[in-house]
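Data block below; observations after.
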Amino acid sequence: MRYPTISRDVLDVVGQTPLVALDRLAAGLPSRVFVKLEASNPGLSVKDRAALQIVVDAEKRGLIRPGDTVIERTSGNMGTGLAIACALKGYKLVVVMSAGNTLERQKAIRALGAKVVLVPQVNGRPGQVTGDDLKEVEVVTNALTAKLRAFRADQFKNPSSVKAHFTGTGPEIWKQTGGQVDVFVSMVGSSGTFTGVSRYLKKKNPRVRCVVVEPTAASILSGRRKHPGRHKLQGVGYMEVPQLYDPSLVDEFISIGDAEAMRTARAMGRREGILAGFTSGANVAAALRVAKRSKRPLNVVTVATDSGLKYFSTDLYE
């Protein structure tokens, strides 16, 4: 017997996350800032959406069957999302990640039944994964994919990552704002969120401005940096242009440093009651800049990509 108010399983509650006004942080500014709370997903991050979409689309194409092995290189959030989807759908999962990512992410993935393969850092520091670290993770992932004859989720190249946000996150934002969204602000990691949401919003209203946020030390998309620098924002700023990135959607770039991202994340907790991580802090910091300089009232929307619970082993909340 099915009950209309009870979800069939945890996959049914991926998406439909709340959009919250940050009226305390934006008090006195010409515009309002709204944040999509992706920590409301089962795996506590925005990557749950893409992970589920990748698995569902692979099933439809006959690329995987129950009992098969799925493999992915990840900073942690995609691995968690895939672990949830694979646990419920009957797939084995191998997650390959840099040892520089937070301990909480590793433990969460293992707790969900997946295997975690840690790759030693090349020259990075704990909590600061570099482009060189990511290249080493890629080498190990490719080798294991061949050895295990596994299906590679490949979030950085898989169009399902964009589809998840074009058909989910974007329409949700449009509906939640009543179509009154003026600016969308987002970091770029695999670029699934930025590309998918921006493409949908511009389809609905070509005048919506879409802003890419980058770590100051790794502002490669804007061309401000030619060589990689260290930063604390996990999952973004690897000094490479993602294959899913669509520059035609970009109206502006904003660079945010570690200190500003951390200050804003802490302020989100103390003033808005939102426990956020480094990247969420950077997104909101950039959105507040847009709101502050606007000459007319705007609705500025951004994304809190995951939960601050994933960062207690870092210096974010010391």
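The values are calculated or read from the model by the stated rules, or taken from the named source; none is laboratory data. Predicted model only: the values in this text are computed from it and were never measured. Note that each Cβ is placed from the backbone with ideal geometry, even for glycine, and that neighbours are counted across all protein chains shown.
Can you run down the residue pairs with Cβ atoms below 7 Å, 6 or more apart or on separate chains, where the first is in segment 74-90 and farther than 21 Å from Asn142 by Cβ and the partner is of a type in the set (Val, Ile, Thr)?
Thr80/Ile109; Ile84/Val10; Ala85/Val55; Leu88/Val10; Lys89/Val55
Every residue in segment 1-30 that is under 24 Å from Gly196 (Cα atoms) and either of a type outside the set (A, V, I, L, M, F, W, C) or in contact with a Pro (Cβ under 7 Å, 6 or more places away or on another chain) (or both), please.
Once the filter is applied, which keeps residues that are under 24 Å from Gly196 (Cα atoms) and either of a type outside the set (A, V, I, L, M, F, W, C) or in contact with a Pro (Cβ under 7 Å, 6 or more places away or on another chain) (or both), segment 1-30 yields Val10, Asp12, Val13, Val14, Gly15, Gln16, Thr17, Pro18.
List the number of the failed condition for Gln121; all other conditions in (1) more than 30 Å from Pro297 (Cβ to Cβ); (2) in contact (Cβ under 8 Å) with a residue 24 or more places away in the chain; (3) touching a helix residue (DSSP H, G or I) at 6+ places or on another chain (Cβ under 6 Å) hold.
Failing condition for Gln121: (2).
Across segment 103-118, what is the total count of residues that are buried (at least 21 other Cβ atoms within 10 Å of the Cβ) and under 19 Å from Thr130 (Cα atoms)?
Final tally of qualifying residues: 1.
Residues in segment 1-49 that are on the phi > 0 side of the Ramachandran plot, surrounded by fewer than 16 Cβ atoms within 10 Å (Cβ to Cβ) and touching a residue at least 12 places away in the same chain (Cβ under 8 Å): how many?
So the count comes out to 1.
So how many residues does segment 169-208 have that are in contact (Cβ under 8 Å) with a residue 60 or more places away in the chain, outside any loop (DSSP other than H, G, I, E, B), in contact with a helix residue (DSSP H, G or I) (Cβ under 8 Å, 6 or more places away or on another chain) and among the polar types (S, T, N, Q)?
Residues in segment 169-208 being in contact (Cβ under 8 Å) with a residue 60 or more places away in the chain, outside any loop (DSSP other than H, G, I, E, B), in contact with a helix residue (DSSP H, G or I) (Cβ under 8 Å, 6 or more places away or on another chain) and among the polar types (S, T, N, Q): 3 in total.
Would you call Gly81 buried (at least 23 other Cβ atoms within 10 Å of the Cβ) and in contact with a Pro (Cβ under 9 Å, 6 or more places away or on another chain)?
yes
Looking at Lys157, Lys163, Lys202, Lys232, which one is within 30 Å of Arg65 (Cβ to Cβ), in contact with a Leu (Cβ under 9 Å, 6 or more places away or on another chain) and not small (Gly, Ala, Ser)?
Result: Lys157 is the single residue among Lys157, Lys163, Lys202, Lys232 that is within 30 Å of Arg65 (Cβ to Cβ), in contact with a Leu (Cβ under 9 Å, 6 or more places away or on another chain) and not small (Gly, Ala, Ser).
Regarding segment 241-261, can at least one residue be identified that is within 27 Å of Arg24 (Cβ to Cβ), of a type in the set (Ser, Thr, Tyr) and surrounded by fewer than 23 Cβ atoms within 10 Å (Cβ to Cβ)?
Yes: one or more hits.
Taking Ser280 as the residue in question, decide whether it is within 14 Å of Val188 (Cα to Cα) and more than 18 Å from the chain's Cα centre (by Cα).
It is false that Ser280 is within 14 Å of Val188 (Cα to Cα) and more than 18 Å from the chain's Cα centre (by Cα).
Take the conditions free of Cβ contacts under 8 Å to residues at least 12 places away in the same chain and under 19 Å from Glu38 (Cβ atoms) and apply them to Gly273. Does it pass?
Yes.
Go through (1) buried (at least 24 other Cβ atoms within 10 Å of the Cβ); (2) in contact with a strand residue (DSSP E or B) (Cβ under 8 Å, 6 or more places away or on another chain); (3) farther than 16 Å from Ala287 by Cβ; (4) not basic (Lys, Arg) and name the single condition Ala58 misses.
Tallying (1) buried (at least 24 other Cβ atoms within 10 Å of the Cβ); (2) in contact with a strand residue (DSSP E or B) (Cβ under 8 Å, 6 or more places away or on another chain); (3) farther than 16 Å from Ala287 by Cβ; (4) not basic (Lys, Arg), Ala58 fails exactly one: (1).
Quick test of your reading of the structure: Arg224 fulfils all but one of (1) at pLDDT 95 or above; (2) in contact with a Phe, Trp or Tyr (Cβ under 8 Å, 6 or more places away or on another chain). Name the failing condition by number.
Here Arg224 meets the rest and fails (1).
Per-residue answers, yes or no, for (1) more than 14 Å from the chain's Cα centre (by Cα); (2) buried (at least 24 other Cβ atoms within 10 Å of the Cβ); (3) aromatic (Phe, Trp, Tyr); (4) not assigned by TED's automatic domain parsing to the domain that holds Gln234:
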residue: Thr177; (1), (2), (3), (4): yes, no, no, no
residue: Phe184; (1), (2), (3), (4): yes, yes, yes, no
residue: Gly196; (1), (2), (3), (4): no, yes, no, no
residue: Lys203; (1), (2), (3), (4): yes, no, no, no
residue: Arg209; (1), (2), (3), (4): yes, no, no, no
residue: Glu214; (1), (2), (3), (4): no, yes, no, no
residue: Ala218; (1), (2), (3), (4): yes, no, no, no
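Identify all residues within segment 125-174 that are aliphatic (A, V, I, L, M), within 17 Å of the chain's Cα centre (by Cα) and modelled with pLDDT of 95 or more; write none if there are none.
Within segment 125-174, Ala153, Val162, Ala164, Ile173 qualify.
Of all residues in segment 265-289, which are surrounded by fewer than 24 Cβ atoms within 10 Å (Cβ to Cβ) and assigned to a helix (DSSP H, G or I)?
Arg266, Ala267, Gly269, Arg270, Arg271, Glu272, Leu288, Arg289
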